[in-house]
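Below you'll find the structure, written out as structure tokens, and then a few comments.
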2 protein chains.
Amino acid sequence: MAQALLTIDLDAIRANWRALDGLTTGETAAVVKADAYGLGVDRVAPALAEAGARTFFVAIAEEGAALRKVLGPGPKICVFGGHMAGDAEMIREAELVPMINSIDQMLRHVEALPGHAFGVQLDSGMNRLGMEAAEWAALRDIAIGQNLVLIMSHLACQDDPNHGMNAYQLQTFRQMTDGIAVPKSLVATGGTLFGRDYHFDMTRPGIGVYGGRPYMDARPVVEVSVPIIQVREVSPGESVGYGNSWVARVPGQIATISAGYADGVLRGIGPKAYVWANETRCKVVGRISMDLIGVDVSAVTSMPDRVELMGQRQSIDTLADAAGTIGYEILTSLGARYARRYTGA
Amino acid sequence: MAQALLTIDLDAIRANWRALDGLTTGETAAVVKADAYGLGVDRVAPALAEAGARTFFVAIAEEGAALRKVLGPGPKICVFGGHMAGDAEMIREAELVPMINSIDQMLRHVEALPGHAFGVQLDSGMNRLGMEAAEWAALRDIAIGQNLVLIMSHLACQDDPNHGMNAYQLQTFRQMTDGIAVPKSLVATGGTLFGRDYHFDMTRPGIGVYGGRPYMDARPVVEVSVPIIQVREVSPGESVGYGNSWVARVPGQIATISAGYADGVLRGIGPKAYVWANETRCKVVGRISMDLIGVDVSAVTSMPDRVELMGQRQSIDTLADAAGTIGYEILTSLGARYARRYTGA
């Protein structure tokens with residue numbers, strides 16, 4: 001078997017969600033957009049429901065419709081992208097709660113689905129999704145008079161607790177919502193760690209549930225184990241991989257392992273990445289190919305059949321740092337070629 | 001609908017394969033590993049079979065078994081990763097042809113499946129997969145006495161016709177195979193363009209079939225169209241997206257579009273990428289989020305519902321250049337969230 005193995009620990013996912021839930025007195029939702037950050041919403045969402053999550057967030061209505069089939073009736077499914085043209089039937093049939101982002105969406109929603117529950121997303125400074133203060137001022141009384149079930153916004157800098165933007169957005173959100181008797185939500189994982197001022201009625205953790213920064217107490221959720229296809233000797237002067245970008249300076253041993261950028265090992269990660277052969281850290285050498293990676297195993301005394309790319313010895317954040325990105329992208333890039341195993345089911 | 005649309009032109013795939021086939025007198029195989037470079041092997045492989053491809057290459061036996069179900073009996077399915085421990089049953093049942101990479105694999109294959117067709121992969125200098133000269137010298141007479149159907153190697157620098165490595169690997173491959181009356185194959189798309197010396201009995205194009213460099217005459221295969229969720233005004237000093245990394249210097253309009261790095265728009269692409277709103281090129285602003293991208297649409301006179309991320313106006317290679325990667329990775333990163341439409345079926 002040259003197929004790499006992705007193991008997803010549903011126990012860890014449940015434990016991380018419960019731990020984050022324990023930090024607040026309000027409701028804790030679960031963000032499961034992008035196929036639960038690439039980990040399989042059909043397995044992850046039911047595990048989170050078991051743990052106690054009653055509200056789930058997805059990016060687009062199509063994801064919401066698929067999630068409704070997974071979860072069945074009951075849990076609330078909120079759509080960050082709101083109510084787009086052509087979505088009404090999906091929203092009605094799957095009982096989705098669109099987060100309305102603009103006057104256009106508001107008009108579309110109340111016209112197509114009068115009385116159908118919705119939320120409102122406000123822009124508190126990120127300028128990404130949500131109504132501006134002026135739009136909201138014009139619309140709030142109308143919205144409150146309809147079936148408005150949640151008012152939310154999103155922080156731009158919640159990975160950095162010291163960023164002044166957090167307090168600015170908190171203040172802006174308060175100014176836009178003070179005195180309105182509708183449940184409110186401002187933060188995802190990062191802001192959940194900022195304390196009570198930021199929690200309002202609901203927090204919406206995503207990355208922390210999946211074992212990533214900035215939730216440093218998270219249990220790791222994913223392990224990726226990759227088979228070694230072959231091991232070869234290289235002599236000084238021999239190059240490895242595409243473009244001859246790596247050249248051996250001393251005699252050594254190179255293992256070719258069976259994963260590549262098609263499996264989410266971002267091509268740009270190459271020069272700074274490692275894998276683990278049992279207890280030995282082994283440097284990636286040469287360019288990452290679509291399906292293959294060269295690894296310097298010269299220091300390995302007893303050659304295993306497989307190496308660890310992510311897991312107990314190397315976190316998604318370590319790999320993300322090597323690639324100059326964030327753990328979120330490591331997860332969503334994992335791709336479809338792995339054998340997937342779920343533990344703690 | 002906030003779901004982005006990925007359109008895959010099967011006519012263009014067939015045309016590209018036929019054009020590459022027309023450059024050689026030998027057989028032209030088709031490389032369909034990694035789910036046909038992310039484009040869906042269940043649709044792409046039958047289209048290529050229609051065009052005339054009779055030999056297909058995948059990375060691992062599991063991909064081969066899935067492809068056999070798609071293609072049915074008849075076409076040859078070769079596995080670059082060779083014969084790994086545990087693969088025998090899959091290789092036998094799906095009638096796969098493993099490219100044997102080492103003595104270990106050779107022994108495993110003839111022991112488990114005596115008489116079953118196999119190929120041999122030789123290392124001509126890339127030090128990635130394949131037997132070294134000494135291994136091959138020890139094994140070649142035994143291999144030739146079995147059901148050896150193909151001898152292949154792979155060029156490390158075939159994207160660059162001027163690289164000295166190409167001629168070196170050609171010479172090495174010849175030295176290792178001259179006089180052996182078994183079909184031979186050395187090149188993928190790049191080497192196919194180098195002319196007859198490099199063609200041997202079979203070429204193995206991949207990226208050229210899918211519309212990417214270095215096959216400059218390729219017809220584009222993919223189009224990605226992304227809905228605009230909302231458009232907002234920004235004033236000088238306002239920031240957009242995570243980390244406040246982009247700040248408006250003049251009054252403008254920002255569109256938030258419904259795709260992100262979970263859809264293969266690599267996060268690192270941000271500062272250099274553009275999308276097209278009809279005939280207007282619009283700069284990506286701020287960090288790329290998992291599901292959303294901010295775009296400066298200030299110059300757009302009539303706002304469309306969707307923007308083009310890839311297609312007639314922007315190739316996979318243009319996007320790859322912006323991301324500091326190659327078109328191959330743009331394709332394999334596309335992900336599962338798109339609505340997929342196949343034309344030319």
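Every number here is computed from the coordinates shown, using simple stated rules; none is lab data. What you see is a predicted model; the values in this text were computed from it and never measured. Reconstructed Cβ throughout: ideal geometry from the backbone, glycine too, with neighbour counts over all protein chains shown.
Miscellaneous remarks
- Shape class for the range B:45-119, computed from the alpha carbon gyration tensor (a ≥ b ≥ c): prolate, with a/c not under 1.5 and a/b above b/c.
- Under 5 Å from the amide H of A:Lys184 lie the amide H atoms of A:Ile151, A:Asp201, A:Met202, each residue being 5 or more positions distant or on a separate chain, with H modelled from the backbone and absent for Pro and chain starts.
- Working from Cα pairs under 8 Å separated by at least six residues, relative contact order for the range B:222-343 is 28 percent.
- Couplings 3J(HN,Hα) for the range A:5-21, derived from phi with the Karplus relation 6.51 cos²θ - 1.76 cosθ + 1.60 (θ = phi - 60°), are 10, 10, 9, 10, 8, 5, 4, 5, 4, 4, 5, 5, 5, 5, 5, 5, 4 Hz, where x marks Gly and Pro.
- Estimated dipole of the range A:194-345 in Debye, rounded to 20 [Cβ of Lys and Arg +1, of Asp and Glu -1, Cα centre]: 100
- Subtracting the Cα-Cα distance of B:Val247 and B:Met216 from 0.36 nm times their residue separation leaves 7.4 nm of extension gain.
- Among beta bridges identified by DSSP and lying wholly in chain A, the antiparallel ones come to about 50 percent.
- Order of B:Glu89, B:Glu63, B:Glu27 under a 10 Å beta carbon neighbour criterion, fewest first: B:Glu89, B:Glu27, B:Glu63
- Per-residue HN-Hα couplings for the range B:228-244 [Karplus 6.51, -1.76, 1.60; θ = phi - 60°; Hz; x = Gly/Pro]: 7, 7, 7, 10, 9, 7, 10, 9, x, x, 6, 9, 10, x, 5, x, 6
- Taking amide H as placed 1.01 Å from N in the peptide plane, B:Leu122 has its amide H under 5 Å from the amide H of B:Met131, B:Met152, B:Ser153, each at least 5 places away in sequence or on another chain.
- Gained length - B:Ile103 relative to B:Arg281, 0.36 nm times residue gap less alpha-carbon distance: 58.6 nm
- Nearest-first distances (nm) between copies at A:Ala66, label 7 Å from Cα via Cβ: 1.4
- Per residue of A:267-280, other chain Cβ atoms within 10 Å of the residue Cβ number 1 on average.
- On the beta carbon distance between B:Ala339 and B:Arg196, with R0 = 45 Å, the FRET formula returns roughly 0.55.
- Positive end of the dipole of the range B:203-345 (Cβ unit charges, origin at the Cα centre): among B:Ile326, B:Trp246, B:Gly286, the Cα lying farthest that way belongs to B:Ile326.
- Principal-axis analysis of the Cα atoms of chain A puts helix A:103-112 at an angle of about 70° to the longest axis.
- Antiparallel beta bridges, as assigned by DSSP with both residues in the protein assembly as shown, represent about 50 percent of the total such bridges.
- Counting, for every residue in A:57-67, the Cβ atoms of other protein chains within 10 Å of its Cβ and taking the mean gives 3.
- For A:Val285, distant residues with modelled amide H under 5 Å away: A:Gly294, A:Val295, A:Asp296
- Shape category assigned to the range B:10-203 from the gyration tensor of Cα positions, a/c cut at 1.5: oblate
- R0 of 25 Å, Cβ-Cβ distance A:Thr301-A:Leu5: FRET efficiency to nearest 0.05: 0.60
- Hits among lysines - C-alpha to C-alpha of B:Lys33 under 25 Å, sequence gap 8 or more where chains match: B:Lys69, B:Lys76, B:Lys184
- Copies compared at A:Asp178 - label distances in nm, ascending, label defined 7 Å from Cα in the Cβ direction: 8.8
- Peptides ranked, highest mean first, by Cβ atoms within 10 Å: ranges A:92-104, A:122-134: A:122-134, A:92-104
- Positive-end residue, the range B:10-203 charge dipole about Cα centroid, Cβ charges, pick of B:Trp136, B:Gly179, B:Met165: B:Gly179
- Phi angles of the range B:313-322 translate, via the Karplus equation with coefficients 6.51, -1.76, 1.60 and θ = phi - 60°, into HN-Hα couplings of 8, 9, 7, 4, 6, 4, 5, 4, 4, 4 Hz per residue; Gly and Pro are given as x.
- Ordering B:Lys33, A:Lys184 by the number of other Cβ atoms within 10 Å of each residue's own Cβ, fewest first, gives A:Lys184, B:Lys33.
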